[in-house]
Amino acid sequence: MGHFLQHIHGRYAGEKKKILALCMDGAGYSVADFTQHLDTSIPKVTRIVNEMIHEGYLTEIGKQESATGRRPSLYGLNPDAGYFVGIDVGHHSISIAVTDFPGRLVHFADVIPFQLKNQEESVKQMCQLVLQHLSSEDIDQDKVRAYGVNFTGRVNHSTGYSYSYFISEEKPIRNVLEECLGKSVSVENDSRAMAYGEYMNGLTNEEGTILFLNVGWGLGMGMILDGKLFTGKSGFSGEIGHFPLLDNNQYCRCGKIGCLETGASGSALQRLMMEKLKEGRPSILSAAFKEGKELTLENILDATQQEDVAAIECIEEIGSTLGRAIAGLINLFNPDMVIIGGRLSSTERYLMPPLRSAVNKYSLNLVNNDTVIKLSRLGKEAGAIGASLLSKARLVSEWA
Ligand SMILES: [Zn+2]
């Protein structure tokens, strides 16, 4: 874990990390509080705190109320102490979020075109693109404490392997990223990072059980169970898209038939829309279809925004299918909240009413009443924000 130590070194490194970990809750602490926490002496803590102020980690954020009239200073995180960079790797683009030490978003860049390939050279190119972007935005590389990177599909954050970008048995993609970026890197599945971002900076940070459905080209799920991000044994949890739920005789990209994703995802939307166009249903996309142009997910989502009835009907069908699956999830988890995110959440007006209706229809009444269903608040920012916040949480957990 040597690479975690690069910014905090010297004789009090251990104590400093413990102080920073304590301050991560955003509160202010006195020298007496730190002394008690570290179980050491006041003069030593005073020296450490002064060093940390000088190094830019801590700052005075107030005075303690006291009955005796003496009001000791309270110290907390210096917001400028460092940045955490989240990178959300999509099929054709990446997005980047930068958060500060207290977890506030300081920069977001959407959809930088890049197609990550399953080669070390491609990973290096992506890192160069990120570093160039940060420097063009005047974000000091030396102040970046850690990076978080999301991939679709199965990701094991503890070993650092992504099974979409395998590279080689000996070298997990996290290690390649750390070599290129020069900092500690945390890797995660995109839906899980989105769930974490929404949990920490979005709709809620109440401790509880939250299911986040990422309705993008595929269908994934991130779970916060009793306030903790759930990964499963090897980081492969949340593959709700491949739940064999449908009798539609449709092949899934995983090679099986009737997966939920074949009826409730962006790829399902494309298939349903093509079927309607083949039937000769009128649509603003008919002309492009007849010319043999390939209809992208963006084309169909745009048509929905333009109130194209055929596209809306496809969205409604997806909402209904997804709602039936969510009814099952609600019965299973008794969650506080279900959040609908991902690219299809932009069709809220048409997606949500049939989704809610199906949830009411198929879930157990008493259980259903406990759960709030909401649309993602962070939207397209959720993945990159979640990645940056996770990179911080994992770095700090090494310090505590
Ligand atoms: Zn499947």
Output for the range 172-191, where each listed residue is free of Cβ contacts under 8 Å to residues at least 60 places away in the same chain and in a strand (DSSP E or B): Val187, Asn189
Could you please give the count of residues in the range 329-370 that are of a type in the set (Gly, Ala, Ser), open to solvent by 10 Å² or more (accessible area, probe 1.4 Å) and touching a residue at least 40 places away in the same chain (Cβ under 8 Å)? 3
Tell me whether the range 195-211 contains one or more residues that are within 16 Å of the ligand (Cβ to nearest atom), within 30 Å of Asn299 (Cα to Cα), open to solvent by less than 10 Å² (accessible area, probe 1.4 Å) and in the same structural domain as Gly328 (by TED's automatic domain parsing). no
From the list Phe230, Phe151, which one is of a type outside the set (S, T, N, Q) and within 20 Å of Gln115 (Cβ to Cβ)? Phe151
Run Leu375 past the list (1) surrounded by fewer than 23 Cβ atoms within 10 Å (Cβ to Cβ); (2) touching a residue at least 40 places away in the same chain (Cβ under 8 Å) and report the number of the one that doesn't hold. (2)
Just give me the residues in the range 351-400 being closer than 20 Å to Ala97 by Cα and of a type outside the set (Gly, Ala, Ser), in sequence order. Arg377, Leu378, Lys380, Glu381, Ile385, Leu389, Leu390, Lys392, Arg394, Leu395, Val396
Within the range 228-280, track down each residue that is away from the ligand (no atom under 16 Å from the Cβ), open to solvent by less than 70 Å² (accessible area, probe 1.4 Å) and in a loop (DSSP other than H, G, I, E, B). Thr231, Gly232, Ser234, Gly235, Gly280
Residue that is farthest from the chain's Cα centre (by Cα) [pool: residues in the range 155-194 that are crowded, with 21+ Cβ neighbours inside 10 Å and polar (S, T, N, Q)]: Ser184
What number of residues within the range 73-105 are touching a residue at least 24 places away in the same chain (Cβ under 8 Å) and either surrounded by fewer than 13 Cβ atoms within 10 Å (Cβ to Cβ) or aliphatic (A, V, I, L, M) (or both)? 13
Would you be able to say whether some residue in the range 336-346 is touching a strand residue (DSSP E or B) at 6+ places or on another chain (Cβ under 8 Å), assigned by TED's automatic domain parsing to the domain that holds Leu229 and within 16 Å of the ligand (Cβ to nearest atom)? no
Is the range 120-136 home to any residue that is outside any helix (DSSP H, G or I), in contact with a helix residue (DSSP H, G or I) (Cβ under 9 Å, 6 or more places away or on another chain) and open to solvent by 40 Å² or more (accessible area, probe 1.4 Å)? no
Look through the range 42-72, keep the residues that are out of contact with any strand residue (DSSP E or B) (no Cβ under 9 Å at 6 or more places or on another chain) and not in a helix (DSSP H, G or I), and return whichever of them is least open to solvent (accessible area, probe 1.4 Å). Gly56
Does Ala97 meet the test of being among the small types (Gly, Ala, Ser), under 30 Å from Thr35 (Cβ atoms) and either out of contact with any Cys (no Cβ under 8 Å at 6 or more places or on another chain) or assigned to a loop (DSSP other than H, G, I, E, B) (or both)? no
Filtering the range 214-227 down to residues that are in a loop (DSSP other than H, G, I, E, B) and not aromatic (Phe, Trp, Tyr), which residue is surrounded by the fewest Cβ atoms within 10 Å (Cβ to Cβ)? Asp226
Yes/no for Ile284 being aliphatic (A, V, I, L, M) and either open to solvent by less than 40 Å² (accessible area, probe 1.4 Å) or in contact (Cβ under 8 Å) with a residue 60 or more places away in the chain (or both): no
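The values are calculated or read from the model by the stated rules, or taken from the named source; none is laboratory data. All values reported here derive from a predicted model rather than from experimental measurement. Here the Cβ is made from the backbone with ideal geometry for all residues, glycine too, and neighbour counts use every protein chain on show. Keep in mind that these areas ignore ligands, DNA and RNA; they rest on the heavy atoms of the full protein, side chains included. Shrake-Rupley method; radii C 1.70, N 1.55, O 1.52, S 1.80 Å.
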